[in-house]
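Data block below; observations after.
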Amino acid sequence: MGDPSVSLSHPLKQIAIDYNPKACTYCATSNSITLTYDHQGGARWRSTTRFLYGTFSAMIRCPGGNTSGLNFNLYLSSLEGEKGQDEIDFEFLGKDRSVVQTNFYTGGVGNREQIHELGFDCGDGFHKYSVKWEADLIEWAVDGAVVRRAVEDIPRKAMYLYASMWDASDIDEGRWAGKYVGCDQPYVCVYKDIQVPRQS
């Protein structure tokens with residue numbers, strides 16, 4: 001028996017670009033999205049609809065080179081920037097591409113960060129990152145292997161699927177993602193085979 005939630009997902013059909021459309025390329029035919037970060041900054045995209053529970057996944061090839069200071073990610077949020085938001089995160093920290101950080105917020109309360117060793121450089125090729133979100137469970141998986149499971153304080157608000165790439169140098173005085181150097185720009189993060197829950 002396979003994961004029953006897999007059959008309930010389908011390709012992402014449409015996105016909205018929250019800022020800097022020049023740095024975000026979307027191809028609905030190939031179900032792929034490219035984010036670019038350079039001297040003009042980065043970009044953020046999101047699904048056009050919110051989802052309540054289900055399995056979300058994407059094949060992601062993170063940027064290579066000296067990515068210090070950058071944050072690239074895949075996450076769910078009830079509304080980016082809202083103080084009382086619900087959120088479930090995969091965040092890559094540019095200073096170390098061998099790890100990924102997971103976190104989640106419920107009613108604006110977070111501070112549940114965990115760092116996971118990937119066993120590879122996330123910029124070397126495509127790997128599958130998925131979030132299974134149910135009323136009483138969150139599971140984060142990398143290439144099909146569950147790296148984290150949460151069963152308490154689970155978010156209950158419908159959420160958009162988001163991804164962005166931005167300069168996080170100012171977060172915790174550069175201790176979180178490093179300080180941006182930019183010697184290898186443009187930095188390119190590619191998302192493909194993006195899967196979201198089917199909506200009736």
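Numbers at a glance
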{"item": "Selected residue (criterion: farthest from residue 110 (Cα to Cα)) from residues of the range 148-200 that are touching a strand residue (DSSP E or B) at 6+ places or on another chain (Cβ under 8 Å), crowded, with 16+ Cβ neighbours inside 10 Å and among the polar types (S, T, N, Q)", "result": "185"}
{"item": "Flag if residue 49 is among the β-branched types (Val, Ile, Thr) and either more than 27 Å from residue 157 (Cα to Cα) or assigned to a strand (DSSP E or B) (or both)", "result": "no"}
{"item": "Qualifying residue in the range 120-138 (condition: in a strand (DSSP E or B), loosely packed, with under 14 Cβ neighbours inside 10 Å and over 15 Å from the mean Cα position of the chain (by Cα))", "result": "yes"}
{"item": "From the options 81, 108, residue that is of a type in the set (Gly, Ala, Ser), surrounded by fewer than 21 Cβ atoms within 10 Å (Cβ to Cβ), more than 14 Å from the chain's Cα centre (by Cα) and modelled with pLDDT of 95 or more", "result": "108"}
{"item": "Residues of the range 14-25 classified as within 26 Å of residue 180 (Cα to Cα) and buried (at least 18 other Cβ atoms within 10 Å of the Cβ), total", "result": "3"}
{"item": "In the range 139-155, residue nearest to the chain's Cα centre (by Cα) [restricted to those that are more than 16 Å from residue 91 (Cβ to Cβ) and in a strand (DSSP E or B)]", "result": "139"}
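The values are calculated or read from the model by the stated rules, or taken from the named source; none is laboratory data. The shown structure was predicted, so the numbers you read here are calculated from the model rather than taken from an experiment. FYI the Cβ positions are ideal-geometry reconstructions off the backbone, even for glycines, and counts take in every protein chain you see.
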